1. Based on what the data block shows, is THR423 closer than 30 Å to VAL589 by Cβ, hydroxyl-bearing (Ser, Thr, Tyr) and crowded, with 20+ Cβ neighbours inside 10 Å?
2. Output the residues belonging to region 611-633 that are touching a residue at least 12 places away in the same chain (Cβ under 8 Å), more than 25 Å from HIS595 (Cβ to Cβ), open to solvent by 30 Å² or more (accessible area, probe 1.4 Å) and under 33 Å from the mean Cα position of the chain (by Cα).
3. Among the residues of region 207-250, which ones are open to solvent by less than 40 Å² (accessible area, probe 1.4 Å) and either basic (Lys, Arg) or modelled with pLDDT under 95 (or both)?
4. Return the pair list, or none, for Cβ contacts closer than 6 Å from residues in region 526-539 that are farther than 16 Å from ASP216 by Cβ to residues that are not hydrophobic (A, V, I, L, M, F, W, C), at least 6 apart or on different chains.
5. Looking only at region 331-358, which residues are charged (D, E, K, R), farther than 15 Å from TYR313 by Cα and part of a loop (DSSP other than H, G, I, E, B)?
6. Would you please list the contacts, defined by Cβ atoms under 8 Å and residues six or more apart or on different chains, that run from a residue in region 83-105 that is under 30 Å from ARG25 (Cα atoms) and at pLDDT 95 or above to a residue that is charged (D, E, K, R) and buried (at least 20 other Cβ atoms within 10 Å of the Cβ)?
7. Hey, could you check region 143-196 for residues that are β-branched (Val, Ile, Thr) and within 22 Å of VAL106 (Cα to Cα) and say which is surrounded by the most Cβ atoms within 10 Å (Cβ to Cβ)?
8. Quick check on this structure: which one of ASP115, ASP101 is acidic (Asp, Glu), open to solvent by less than 40 Å² (accessible area, probe 1.4 Å) and under 19 Å from ALA157 (Cα atoms)?
Amino acid sequence: MEAKPRVAIEALTPQVDCGRFPAKRIAGDTVVVECDAFADGHDVLAGVLRYRREGDRRWSEAPLALVDNDRWRGTFAASHAGRYRYTVEVWVDHFATWTRDLAKRVDARQDVRVDLEIGAALVRAAARRAGGQAEAKPLAAWADRLGAGDADAVRIALSDDLAAAVRRHPDRTAAARYAPELRLVVDRERARCGAWYEMFPRSTSPEPGRHGTFADCEARLPYVAGMGFDVLYLPPIHPVGRDHRKGRNNAEIAAPGDPGSPWAIGAAEGGHTAIHPQLGTLDAFRRLVTRAREHGLEVALDLAYQCAPDHPYAREHPEWFRRRPDGTIQYAENPPKKYQDIYPFDFESAGWQSLWKELLGVVRFWMGEGVRIFRVDNPHTKPFPFWEWLIEDIHRTDPDVIFLAEAFTRPKVMYRLAKLGFTQSYTYFTWRTAKAELVQYFSELTRSPVRDFFRPHLWPNTPDILHKYLQDGGRPAFAVRLVLAATLGANYGIYGPAFELCEHQSAAPNSPPPASEEYLNAEKYEIKHWALDRPDSLRGLIGRVNTIRRAHPALQRDDSLVFHGVDNDQLLCYSKTAAYGGGDAVLVVVNLDPHSAQSGWTALALDALGLGADEPFAVTDLLTDARYAWRGARNYVSLRPSEQPAHIFRVERGAT
């Protein structure tokens, strides 16, 4: 009968829903795995962390080290994007237990001759486990000297050399292994950190009233890259339906020349793999993707799984849509809102399998045209199993593809989508404007188990959302939200040029609470001509903030976020640090009041900044280059929003 493991293993982390879903990390990360491991009695334990890339048959191992109170830790490097598996194995280390007790007996001046014989048997067993390896002979020789009671037997028994040799050939016959094996998804660097710029291609023409083209987008690339963005995100670029086309400001009837909503996808010219003819050709799109890369930009495309009434799918695959009793296809609704220009797919139809394959093919088509990032429209309105299947299929062959979930919905639904495979997700940041709610929400995102699977992506505005804070706060409000988004989150984006030009007019400015978040003259329904060189543009501030982000590793991660005290509820103070990058530490103070100057005294958590209790240090404002000498936790700050709504300080230890 085989020996039963005596070791219990519990509370292994990271672990998402008992191993049902993989945790997430970034290529190059050191993955820290911890567990509780203990056994009956007082024997010493040993263990290893086992890990491998999926597809590899051979496991690698790293030692587990005792942290404290039966908590153990091991690490491995996730060197490449892809999927990994990991577990831990722990066993009773009889040799280490023996040497521990032998040392106590020697210190107590006890007779240890019998103990040395016991040790000799343990070392001989290790020699047998070494087999034909070079270490087998030295182990056998040591065992003989221990068994013979050699004058140096005690020294040999307690030597580091012997301990290391035995440790390399442990007895794991009764080892306990954690089950099930846990999974890890490792994404590429862009998944961890990136600044996104959303832009409607049809609004890029330098001539007012003319439909923009991909060539016009290409001419706009220096403008976007000059502000320091990493990703250029384009709303749908497909033909726009004509049946039930929406007019300006979401009017139910379009006037002649109204371009309709880009999200009403499909017309006689084609569907999800076709390009709006006024934008250009597929060759022109390929050229845009190439030119964007030359400017340091990746192009992200919108993935909107829905159709205009005149999409070819509606004619060729009527089985993919839900029909009403009168035989007509059910259009999209979110009562009281109606979207007569959009047909949702029926994922419960008899033809669901062919529908899934077709939609997977849409992703692979655009991947073939050089797109590796997709912003997914309303994923929470499609079945969970569909997304898990699609994303896993893509990542099996192309682990570098990034999926951003635009899921402004209930928290548990958002988290489920992240667990299913979405690389990043929109958040509630848009609606978190007060100090207490910002602290609570971002503590949840960065300090709870949520951080193992959910990567937040912060947007102060979108084509659908103009928050009341931006409607009422003027230019300072936009500056405040920019700094918050770009420093609270390693991933953030803006819908421009509406953001940098501080577009703040609501479609219903005097509506009762909750205020309307629709833009007046929304770009979703018309072609805009933007005056990019307006003197009040935030273009310069955006460029400065993105330059700071690129220069400071601390701002390129979310896991080191710490909130600090400040005795004014209109001032928010927080820091991020990075062990690499020279021990980079950035401290941010933001005035949340866009109308009035605010001041207060900080109560810094100095240990989070690597500072002593009364240690002098310097802070340099990276927005203005102003330098201040500070000491200890209590320091004075004052911010006037019309001049400077925030400080982004570089913390310089040992400098005054």
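The values are calculated or read from the model by the stated rules, or taken from the named source; none is laboratory data. Computed from a predicted model, the values in this text were never measured in an experiment. Quick reminder, even Gly has a Cβ in these numbers, built from the backbone with ideal geometry, and neighbours come from all protein chains shown. These accessible areas exclude ligands, DNA and RNA; they are computed on the full protein's heavy atoms, side chains included. Shrake-Rupley method; radii C 1.70, N 1.55, O 1.52, S 1.80 Å.
1. Numbers: closer than 30 Å to VAL589 by Cβ: no; hydroxyl-bearing (Ser, Thr, Tyr): yes; crowded, with 20+ Cβ neighbours inside 10 Å: yes.
In short, no.
2. Selection gives ALA633 alone.
3. ARG220, LYS246 - these are the residues of region 207-250 that are open to solvent by less than 40 Å² (accessible area, probe 1.4 Å) and either basic (Lys, Arg) or modelled with pLDDT under 95 (or both).
4. That search, which allows pairs on different chains as well, returns GLU526/ARG248; SER537/GLU500; LEU538/GLU500; ARG539/GLU500.
5. The initial filter retains those residues of region 331-358 that are charged (D, E, K, R), namely 333, 337-338, 341, 346, 348, 357-358.
Filter once more, so that each one left must be farther than 15 Å from TYR313 by Cα: 333, 337-338, 348.
Matches in region 331-358: GLU348 only.
6. Sorted first by the residue in region 83-105, then by its partner, the pairs are TYR86/ARG50; THR87/ARG50; VAL88/ARG50; GLU89/ARG50.
7. Taking the candidates together, the pick is VAL166.
8. When all the criteria are applied, what remains is ASP115.
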